[in-house]
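The block underneath contains the structure these notes are about, expressed in structure tokens.
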Amino acid sequence: MARLSRLPRFSRKIEAIYPATERRAGIQANVLAEIAIDAEGNIQEVRIVKSAGAAFDAAVVEALKKSLFTPGYIGDKAVPVRFQVPFRFNLN
């Protein structure tokens, strides 16, 4: 597999909304999502790799689907990429 010369990144990152029920309960969590994007940076798939429960997972999926990405590159060619994005829900 060829190495990326430029990693994909957010061009517009939407923050996940802390689920109100979890906030009221004082629950903090970490969620790890995996995203597949095409050569144009469009999201093809979002999958939860490390779940923190349905409410947190849904918040992460919703935020990612509203976010925009620049694709990864090999040389000067944009390529489809699959990568992981961590989310932290901290009460502060």
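Values in this text are rule-based calculations from the coordinates and carry no lab data. Treat the numbers as computed from the prediction; the structure is a model and nothing was measured. Cβ: placed from backbone, ideal geometry, glycine included. Neighbour counts: every protein chain shown.
When the chain is treated as a GNM with alpha-carbon contacts under 10 Å, the residue of Ala20, Ala58, Ala78 showing the greatest mean-square fluctuation is Ala20.
For the range 9-89, the Stokes-Einstein estimate of translational diffusion at 4 °C and a viscosity of 1.567 mPa s comes to 98 µm²/s, using the Kirkwood hydrodynamic radius over alpha-carbon pairs. Here Lys50 is the anchor, and the lysines within straight C-alpha reach of less than 22 Å, apart from those fewer than 8 places off in the same chain, are Lys13, Lys65, Lys66. Take the Cα of Arg47, go 7 Å toward its beta carbon, and the backbone nitrogen atoms of the range 1-36 under 15 Å from that spot belong to 32-36.
Couplings 3J(HN,Hα) for the range 11-27, derived from phi with the Karplus relation 6.51 cos²θ - 1.76 cosθ + 1.60 (θ = phi - 60°), are 9, 8, 9, 9, 6, 6, 7, 4, x, 4, 5, 6, 4, 4, 7, x, 8 Hz, where x marks Gly and Pro. Size descriptors for the range 1-53 (Cα atoms only): Rg and Dmax, in that order, 15.0, 46 Å.
Axis of helix 54-66 versus longest Cα principal axis of the chain: the two differ by about 40°, to the nearest ten degrees.
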